[in-house]
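J.: Got a structure for you, written out below as C-alpha cells; questions coming shortly.
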Amino acid sequence: MPSEPPVSGDEQQEPRTVAAVDLGSNSFHMVVAQVVDGQLNIIDRLREMVRLAAGLNARNELSPEVAQRAFDCLRRFGQRVRDLPRGAVRAVGTNTLRKARHSDDFLTQAESALGHPIDIIAGREEARLIYLGVSHTSAVPEGRCLVADIGGGSTEVIIGEHFDPQYMESLYMGCVSMSQSHFGDGVIDKKRMRKAEIAARLEVQPVERSFRQLGWKGAIGASGTIKAIGNVVNAAGWCNGGITLESLCKLRDALVEAGHVDRLQLAGLSPERAPVFPGGVAILLGLFEELGINAMQVSDGALREGLLYDMLGRLQHEDVRERTINVMRERYSVDRLQAARVELTAMELLRQAGEPWCLDQDEHANLLRWAADLHEIGLAVTHSGYQKHGAYLIENSDMPGFSRREQSMLAMIVRAHRRKFPSNSAKGLHSSDEEAVRCLAVLLRMAVLLHRSRLDDPLPPFLLNTGKKSLHLEFPDNWLRHHPLTKADLAKEADLLAAAKLQLSFA
C-alpha cells in the first residue's frame, strides 16, 4: 500500500506560496508566487537553458549528459522549493518527455532532484495552460484572440476568448527540432531557410482552415523564441512594438546575410539562443504566412504562469478537471443517479479505509469520485467488457486539466472496477501510484457491487476494516440474510480478489 501518510485537514490549507516548474524542450523555467487575497504575486523566477530536445537520439533515447544537465538544474530549482508543502508545486514535462523512451527512469531521478512530483502533459493540455497564462498576463483583445507559442519541440496555437480557450492545436515542430533538421551544421542560406519555412507551413496546413473559419481580432505570441524575435526586430528598429510580417522578412534576410549561427550579431539575441534561433524564425514565418497573420503582440506570460493560475483555480474550487468530468459524463450519457449512488458509497468506504491504507483525502479522493462518475462510460460502446472500453476512452481522450499520470490512474481504476482484477500495471506510474490505484479500484468495486440493484434504497450503516492485503465488511445483524443477492455477489467478489492476492471477508 502507499507508504506516504495521509494529509490531515490542517496540512491541506491553501498554501501561501506556490510554484510552477516547466521542463521545456529547450529551457527549464520556474516561477514562484504568493497567494494574497486570492491573487498571485510573482516573487521569484528562475530559468536555465537545458536543451533537453537536443539530447534525444534517433531512437528517442535521452543522452546521459543531457539528463545529468537536467538533474543538476532541477537540484538548483529544488533548493528554492523543496520545503514547500505537497501540492504547492506543480511541475510538468512537455514535448521532449512525451517523446522520450524510458522517461519513467528520468522522472524518478528528476523528482528526487526537485523534491516534488513531475507530470507529463499532453500537447493540447499544454496549449490550454499556455492560453491561460497569456490571457491572465496580457491585454487580450475583445473577441477572439489567437495565441502562438514556439517551444523547443512543439508549437502550440490556440484561439480563445477572454480566459476561455476554444480551439487548440499542438504542432509537431519546435525551434530545436527545426534548427537541427535544417541548420544542424550552423549554416544559414536562402535555400535552407525557404525549405524550413515550407516545412513549417506544411505542418500548419492541416489546421489552417479551422483557424481561419473561427477568426480572431488579434494575435499574441508567448515564450522564449517569440520574445527573442520581438526583442531583435524592435532593437533593429524594424517595427515599433510587437512583431510584424515585414519585420520578420527583414530578420530572415539578416540571418541569411550572416550565413552562420556563429556570426549572428543581433541586438536582443543572447548567445545561448542563437543555435536554435533560425528554426524559430522559420516557424514563426510559416505561421504568419499560412494563417495570414500581419502583426503579433508579445506576452510575458506562458505555460508556467498558466500552471500557477490553474493551481489558483483549484485552490479556489474552480478546478477545470471537474468541468472535464461533467462534459465526459454528458457525452457518454452516463446514468447520473447511479453514478451518484456509487460515488456516495465509495467516499464512505474511503473515509474508513483511507488512514490504514495511507490514501490521500485530497488527490486520491478526487480520483475515486471521478472514477465513480465515469465508471459506466464504456456502456456507450457495448455492455460486454464495458470496463475496458471505459478505460480506453479515459486513457485516450483529451481531458483538459488532467496530466497523463492522472488519466492513467483514472483509467486503471475504471478498468479494474469489475470482473477479473487486471494484473498488468499502467505505463508511467510509480509503484506508490500503482498501489493507490489498486486500493481505490477495490473501494470502487465494493461501491458498485453494493448498488447493483440501482435503487435509491439507502444502504445500512456498515464497517470496513482493512489490513495490508485484506478487507472485512460488516453489516447489521441479518442484513445479508435478507439480501441474498448481495451476499452471493460478495462471495464471488472474494474469489476474484483472492486471485489478486487480496482477502475479502464479510459478515
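J.: Kindly state, to the nearest 0.05, the FRET efficiency for His102 paired with Arg76, given R0 = 30 Å and r defined as their beta-carbon distance.
T.: 0.80
J.: Hey, rough spin-label estimate for Leu463 and His162, points 7 angstrom out along Cα→Cβ, what's it come to in nanometres?
T.: 5.3
J.: Select from Ala58, Leu23, Gly115 the residue farthest towards the positive end of the dipole of segment 10-121; place +1 on Cβ of Lys and Arg, -1 on Cβ of Asp and Glu, and compute about the Cα centre.
T.: Value computed over the given set: Ala58.
J.: Treating the Cα atoms of segment 124-301 as identical point scatterers in vacuum, please give the log10 of the normalised Debye intensity I(q)/I(0) at q = 0.09 Å⁻¹, two decimals.
T.: Listed by q, the Debye log ratios stand at -0.27.
J.: While we're looking at this one, here's another question. Rounded to two decimals, what ratio of Rg to Rh does segment 358-410 give with C-alpha atoms and a Kirkwood Rh?
T.: 1.00
J.: Okay, next question. What number of lysine-lysine pairs in segment 124-301 show an alpha-carbon separation below 22 angstrom, given a sequence spacing of 8 or more or placement on distinct chains?
T.: 5
J.: Could you give the alpha-carbon Rg of the chain over 2.2 N^0.38 Å, rounded to two decimals?
T.: Dividing the Cα radius of gyration by 2.2 N^0.38 Å gives 1.09.
J.: To continue, here is another question. Out of Gln68, Val92, Val36, whose Cα points farthest toward the positive end of the dipole of segment 10-121 (charges: +1 Lys, Arg; -1 Asp, Glu; placed on Cβ)?
T.: Going by the Cα projections, it comes out as Gln68.
J.: If you don't mind, there's one more thing I want to ask. Calculate how steeply helix 431-450 sits against the longest principal axis of the alpha-carbon atoms of the chain, using the helix alpha-carbon long axis, and give the answer as 0 to 90 degrees to the nearest 10.
T.: 50
J.: If you place +1 on the Cβ of every Lys and Arg, -1 on the Cβ of every Asp and Glu, and leave all else neutral, what size is the dipole of segment 270-395 about its Cα centre, to the nearest 20 Debye?
T.: So the magnitude is around 300 debye.
J.: Would you mind working out the magnitude of the charge dipole of the chain relative to its Cα centre, with +1 at each Lys and Arg C-beta and -1 at each Asp and Glu C-beta, to the nearest 20 Debye?
T.: Charge dipole of the chain: 1220 debye, to the nearest 20.
J.: Note down the magnitude of the dipole of segment 319-458 about its Cα centre, charges +1 on Lys and Arg C-beta and -1 on Asp and Glu C-beta and zero elsewhere, to the nearest 20 debye.
T.: Once rounded to the nearest 20, the dipole reads 620 debye.
J.: Reachable lysines from Lys492, Cα under 23 Å, same-chain residues fewer than 8 places away excluded?
T.: Straight-line reach from Lys492, under 23 Å: Lys388, Lys420, Lys468, Lys469, Lys501.
J.: Take the alpha carbon gyration tensor of segment 319-458, find the square roots of its eigenvalues, order them as a ≥ b ≥ c, and report rounded if a/c is under 1.5; if not, report prolate when a/b exceeds b/c, else oblate.
T.: Rounded.
J.: What does segment 10-121 give for Rg and for Dmax, in Å, if only its C-alpha atoms count?
T.: Every Cα atom of segment 10-121 included, Rg and Dmax give 14.5, 49 Å.
J.: Helix 223-235 against the longest principal axis of the chain: what's the angle in degrees, Cα atoms only, rounded to the nearest 10?
T.: The angle comes out at about 20 degrees.
J.: Right, next: Run lengths n ≥ 4 of DSSP H only: what is the helix-derived mean residue ellipticity at 222 nm for the chain, with -39500 (n - 2.57) per run over all residues, to the nearest 500?
T.: Theoretical 222 nm ellipticity from helices: -15500 deg cm²/dmol.
J.: Moving to a separate point now. In nanometres, what is the gap between the two model label sites at Glu330 and Ser384, each 7 Å from Cα along Cα-to-Cβ?
T.: It works out to 3.3 nm between the two label points.
J.: Restricting things to alpha carbons, tell me how big segment 243-290 is in terms of Rg and Dmax, in Å.
T.: For segment 243-290, the Cα-based Rg and Dmax read 10.5, 30 Å.
J.: From the residues Ala500, Pro458, Phe475, which one has its Cα farthest along the dipole of segment 449-507 in the positive direction, the dipole being from +1 and -1 charges on Cβ of Lys/Arg and Asp/Glu about the Cα centre?
T.: Ala500
Every number in this text was worked out from the coordinates using simple rules, so none of it is lab data. Quick caveat: nothing in here was measured; it's all calculated off a predicted structure. Backbone-built Cβ (ideal geometry, glycine too); neighbour counts: all protein chains shown.
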